[in-house]
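I have placed the structure first, in the form of structure tokens, so that the comments after it can refer back to it.
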Amino acid sequence: MHTRALADGNAIPLLGLGVWQVPDGPECVDAVRAALELGYRHIDTAQAYGNEASVGEALRASGIPRDEVFVTTKFYPRGDDPAAAAEQSLRLLGLDYVDLYIVHWPAGGPTWAWPGLETAHARGHARSIGVSNFSVAELQELRAVATVQPVVNQVQFNPFVYRRALLEHCEENGIALEAYSPLGTGRHLGDATVAKVAQSVGRTPAQVLIRWCLERSVPVIPKSTRRTRIEENGQVFDFELSDDDLAQLDALDTTGGTGEALERKWW
Ligand code: NDP
């Protein structure tokens, strides 16, 4: 199991399965079960995804001890009580705690939800707490008022959105940047540069994009509902990208190395 230490002493597996846009029910249960059978020990869901019950069902069906699987859920920030929402997530998941509870996006500003996250943490409902879609400025605002500091910032991160300033700020402040949409929700798999690097290392474009995150110790959560792809996406710890491969991929960045988390906010 390849993990990264978090600033609060916990550890996050570097590879996880994301389940955004996976309908609650058999499709989600089967994807999570497949991932667990194939060795994944990290599942990324959210209150907004509506599939926490299926994630919990798959965890129980797997028979894997609870403490061997890292489960993330996210506070849906259109609600007003993050601590109560965490309890509802635990009921749906059928768990006593999640490993990571994060504010899904800074709707209404970066600070108001944080005391509720701290309450969930203090109650033992979340082992670690963090945020998602937070820029450098939003992290600074939050850190200035937080009692328990955020240890994760989950953001859109891949060679096309290589947010260097955000990554550096996170590294300097005890925050693990976690990469969502590592494949660009599938859009980047057909890119010519990615294909060229994939061919040179004898791997698939998906494996190259996932490995690009791992080369920077960035936890990464590709989504697939197909067993063969879940397996493919998990075979990323037995090869490396050279400095030249990384340079070619880094040059795909369209953000100018931004400290922003998103180019366009959806809230
Ligand atoms: P990804 O970048 O992981 O890409 C997933 C897409 O690529 C799907 O269409 C999938 O199709 C396809 N795919 C996956 N593996 C392969 C493969 N090996 N070969 C070919 N196609 C493949 O997309 P997401 O945007 O879903 O991001 C991943 C996760 O990040 C989410 O599921 C979620 O957990 C998290 N996330 C968090 C956000 C936040 O605001 N915090 C926002 C967005 C995502 P198929 O399933 O048919 O295989």
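If R₀ is 51 angstrom, what is the calculated FRET efficiency for the pair Ala192 and Ala61, using the beta carbon separation as r and rounding to 0.05? Calculated value: 0.80. Put +1 on the Cβ of every Lys and Arg and -1 on every Asp and Glu Cβ in the stretch 113-216; which of Ser200, Ile175, Ile210 then has its Cα farthest towards the positive end of the dipole? Result: Ser200, furthest along the dipole toward the positive end. Each of the peptides 116-126, 149-159 was scored by the mean count of other Cβ atoms within 10 Å over its residues; in descending order, highest first, they stand as 149-159, 116-126. If the segment from Ala5 to Arg123 were pulled out straight at 0.36 nm per residue, it would be longer than the present Cα-Cα gap by 40.3 nm. The residue among Ala165, Tyr97, Ala120 whose Cα reaches farthest toward the positive pole of the charge dipole of the stretch 94-211, with charges on the beta-carbon of Lys, Arg, Asp and Glu, is Ala165.
Fully extending the segment from Asp238 to Glu37, taken as 0.36 nm per residue of separation minus the present Cα-Cα distance, adds 70.5 nm.
For the pair Asp81 and Leu252, the difference between a 0.36 nm per residue extended length and the Cα-Cα distance amounts to 57.6 nm. Taking only the alpha carbons of the stretch 125-238, we obtain Rg and Dmax values of 15.5, 48 Å in that order. When shorter helices are ignored and each DSSP H run of at least 4 residues is given -39500 (n - 2.57), the per-residue value for the chain at 222 nm works out to -11000 deg cm²/dmol. Sorted into 10 angstrom bins from 0, the C-alpha pair distances of the stretch 1-86 split as 17, 47, 32, 5 percent.
Among residues other than Tyr49 with Cβ under 15 Å from its Cβ, the summed charge is -2 (Lys and Arg +1, Asp and Glu -1). Once R0 is set to 45 Å, what does the formula 1/(1 + (r/R0)^6) return for the Cβ-Cβ distance between Thr228 and Arg164, expressed as a FRET efficiency to the nearest 0.05? Efficiency for this residue pair is about 0.85. Computed from the alpha carbon positions, the gyration tensor of the stretch 119-180 leads to an equivalent ellipsoid with semi-axes of 22, 13, 8 Å, biggest first.
With a ≥ b ≥ c taken as the square roots of the eigenvalues of the C-alpha gyration tensor of the stretch 45-202, please select rounded if a/c is under 1.5 and otherwise prolate if a/b is larger than b/c or oblate if it is not? Here the stretch 45-202 falls in the oblate category.
Listed by chain and number, the lysines whose C-alpha is less than 24 Å from the C-alpha of Lys265, apart from same-chain residues fewer than 8 away, are Lys74, Lys223. Per residue, the convex hull spanned by the Cα atoms of the chain measures out at 115 cubic angstrom. Take the chain, connect every pair of alpha-carbon atoms lying under 10 Å apart with a spring to form a Gaussian network, then pick out the residue of Gly79, Gly56, Gly184 with the largest mean-square fluctuation. Top of the fluctuation ranking is Gly79. Placing +1 on the Cβ of every Lys and Arg and -1 on the Cβ of every Asp and Glu, with nothing else charged, gives the chain a dipole about its Cα centre of roughly 440 debye.
Annotation: amide H of Leu14 within the under-5 Å range of His2, Thr3, Arg4, sequence separation 5 or more or interchain, hydrogens built in the peptide plane.
Coordinate-derived values only; no laboratory data. Keep in mind that what you see is a predicted model, and the values were worked out from it rather than measured. Backbone-built Cβ (ideal geometry, glycine too); neighbour counts: all protein chains shown.
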